[in-house]
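Okay, structure first, notes after.
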Amino acid sequence: MNFQLKNGMLLGAASAATQIEGGDQNNNWYAWYRQGYIKDGADPSVATDHYNRWREDLALMRDMGVQCCRMGVEWSRIEPRDGVFDEAAIAHYREEIQALSDAGIPVLLTLHHFNNPLWLEERGGFAERDNITCYLRFVRKMVESVGDLVSEYITINEPNVYAFNAYLAGAWPPGRKSFLEMGRVMTNMAAAHIEAYGLIRKTRLQMGFRNTRVGVANHLRAFAPKDAGNPLHRFWAERAEELFQGSLTQAMCMGKVSFPIGKHPSIVPGRYCDFHGVNYYTRSTVSGPADGVAKNCPVNDLGWEIYPQGIVEVCEKVYGMLKRPIYITENGTCDNEDRFRARYIAEHLKALSESSLPVERYYHWCFCDNWEWVEGGSARFGLVHVDYENQKRTVKRSGEFYRRMIQAGGVDEALYGEFCDTPYPTNGEDA
Ligand code: BGC
């Protein structure tokens, strides 16, 4: 294995406020934890204590040579009560963002990442159309507060995963199991994104800045029929792709309405993304209405197929929509012992670098191991190991690989041999 990183692509790391910060109990996920839904009982109000340790984490990022960073802000911390903003929390984020930018690490800021303040959750969250105005008020406040430091924004992280897990599968707060509600949440999130897109650009313009970039971090999977010769399998693979990601992505980027997205006055044809944000992890192999994983394929520690070429397949599709620059806003893998993460990174970056796609950013998910929603502390995705007993950080071998790869601008046989020459686990599971 041998490749040069794509010219002009910055390599960074991504995180979400709830998964790292700790210290906030005023949100839907803390309530979910209190109800006993986190597999290993890990407490999100502890997480990796990044809120207090961000300077240490920044120093580690600098040592690793990270070139850009995607981070989130916690709405429930910033607006603990309806319409009441905590200026000290905002000042905290300003200080952190300023320090990152002083270190030469520009920030891509996520405004919503699966987490709602309790007061919003109690009045129906994104299932209620009227609540979009609350989200927009928060967005305006954030951009007015940090807009001089941040030019790039993600309005909403993975609205499809959020709507699916929280409103159809019942696995995330508020634990609903209704297809109708899932569609309503997707619709409201698409409308919220479209309105936020205009609002962020307008607010920054009023502040005198013209170089704003706004997008969504879409969770995009590669989908394949289990048996490509079987028309039923092909049918279900296409339906699954549409339902899970296709319709929503088209609504958000282009204002196109198609099932399961409903009508909303803000969802009208237009162009609502300055970059295509892509979170890519895996491929689904489909033979019916349910999701599946192919048999005898490489998988990570959560059983997700490892399929590097898929990152190019999903980027090509989304790029076809608006032909905007591509930001890989997340890519990474659950590898609890850090056996194959370096190989995973190398293979995904090779596929991207050898494609003709205009990929401008790659944000690895994630920097430090973190609090993985319902998986709690049991699923490790980080380049840096966190000992949850004492919050001690230790750079993993994959973190050292990332540093060396960034420094070298690519991977040669020697680097690959030293870090990546380990087999992936395989499964025996059927699709
Ligand atoms: C989410 C992250 C999550 C990651 C790994 C993505 O779907 O945006 O918050 O930690 O996947 O599960």
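Checked against (1) touching an Asp or Glu at 6+ places or on another chain (Cβ under 7 Å); (2) more than 20 Å from Tyr327 (Cβ to Cβ), Ala217 meets all criteria but (2). Of all residues in region 1-33, those that are away from the ligand (no atom under 16 Å from the Cβ), part of a loop (DSSP other than H, G, I, E, B) and within 30 Å of Lys350 (Cα to Cα) total 7.
On the stretch given as region 344-371, residues that are out of contact with any strand residue (DSSP E or B) (no Cβ under 8 Å at 6 or more places or on another chain) and touching a residue at least 12 places away in the same chain (Cβ under 8 Å) total 5.
Within region 87-107, restricting attention to residues that are part of a helix (DSSP H, G or I) and open to solvent by less than 10 Å² (accessible area, probe 1.4 Å), the residue that is nearest to Arg361 (Cα to Cα) is Leu100. For region 364-373: of the residues being within 11 Å of the ligand (Cβ to nearest atom) and touching a Gly at 6+ places or on another chain (Cβ under 6 Å), which is nearest to Gly22 (Cα to Cα)? Residue satisfying both the conditions and the ranking: Asp369.
Apart from one condition, Glu337 fits all of (1) of a type outside the set (Phe, Trp, Tyr); (2) touching a residue at least 60 places away in the same chain (Cβ under 8 Å); (3) open to solvent by 30 Å² or more (accessible area, probe 1.4 Å); the exception is (2).
Which ones in region 374-388 are open to solvent by 30 Å² or more (accessible area, probe 1.4 Å) and either within 14 Å of the ligand (Cβ to nearest atom) or basic (Lys, Arg) (or both)? Listed by number, the residues that qualify are Glu375, Ser378, Arg380. Residue count for region 263-315 under the criterion of being within 19 Å of Phe244 (Cα to Cα) and open to solvent by 30 Å² or more (accessible area, probe 1.4 Å): the result is 9. Filtered by the rule that a residue be touching a Leu at 6+ places or on another chain (Cβ under 8 Å), in contact (Cβ under 8 Å) with a residue 60 or more places away in the chain and open to solvent by less than 50 Å² (accessible area, probe 1.4 Å), region 66-86 gives Val66, Cys68, Cys69, Arg70, Gly72, Val73, Trp75. Inspection of region 300-308 identifies no residue that is in a loop (DSSP other than H, G, I, E, B), more than 16 Å from the ligand (Cβ to nearest atom) and in contact with a Lys or Arg (Cβ under 7 Å, 6 or more places away or on another chain).
Evaluate the following for Ser15: is it open to solvent by less than 40 Å² (accessible area, probe 1.4 Å) and more than 18 Å from Ala217 (Cβ to Cβ)? Before you say what the answer is, go through the steps one by one.
Numbers: open to solvent by less than 40 Å² (accessible area, probe 1.4 Å): yes; more than 18 Å from Ala217 (Cβ to Cβ): no.
So Ser15 fails the test.
For region 176-197, a residue qualifies if it is surrounded by 14 or more Cβ atoms within 10 Å (Cβ to Cβ) and either free of Cβ contacts under 8 Å to residues at least 24 places away in the same chain or not in a helix (DSSP H, G or I) (or both), and exactly one does: Arg176.
So for region 34-43 (the condition being in a helix (DSSP H, G or I), of a type in the set (Lys, Arg) and closer than 28 Å to His193 by Cα), does at least one residue qualify? The answer is no, given that none of the residues of region 34-43 is in a helix (DSSP H, G or I), of a type in the set (Lys, Arg) and closer than 28 Å to His193 by Cα. Hey, among the residues in region 341-356 that are more than 16 Å from the ligand (Cβ to nearest atom) and open to solvent by less than 10 Å² (accessible area, probe 1.4 Å), which one's nearest to Glu418 (Cα to Cα)? Among them, the one singled out is Ala342.
Annotation for region 219-241: at least one member residue is within 16 Å of the ligand (Cβ to nearest atom), open to solvent by 40 Å² or more (accessible area, probe 1.4 Å) and modelled with pLDDT of 95 or more. Residues of region 269-327 that are under 18 Å from the mean Cα position of the chain (by Cα) and either at pLDDT below 95 or aliphatic (A, V, I, L, M) (or both): Val278, Leu302, Ile306, Ile311, Val312, Val314, Val318, Ile326. Of everything listed in (1) within 16 Å of the ligand (Cβ to nearest atom); (2) β-branched (Val, Ile, Thr); (3) open to solvent by 40 Å² or more (accessible area, probe 1.4 Å), the single unmet condition for Thr155 is (3).
Checked against (1) farther than 22 Å from Lys256 by Cα; (2) touching a helix residue (DSSP H, G or I) at 6+ places or on another chain (Cβ under 9 Å), Cys315 passes all but a single condition, namely (1).
The values are calculated or read from the model by the stated rules, or taken from the named source; none is laboratory data. All values derive from a computational prediction rather than experimental measurement. Because the Cβ atoms are built from the backbone with ideal geometry, glycine has one as well, and the counts that use them run over all protein chains shown. Please note that ligands, DNA and RNA were not included when accessible areas were found on the heavy atoms of the full protein model with its side chains. Shrake-Rupley method; radii C 1.70, N 1.55, O 1.52, S 1.80 Å.
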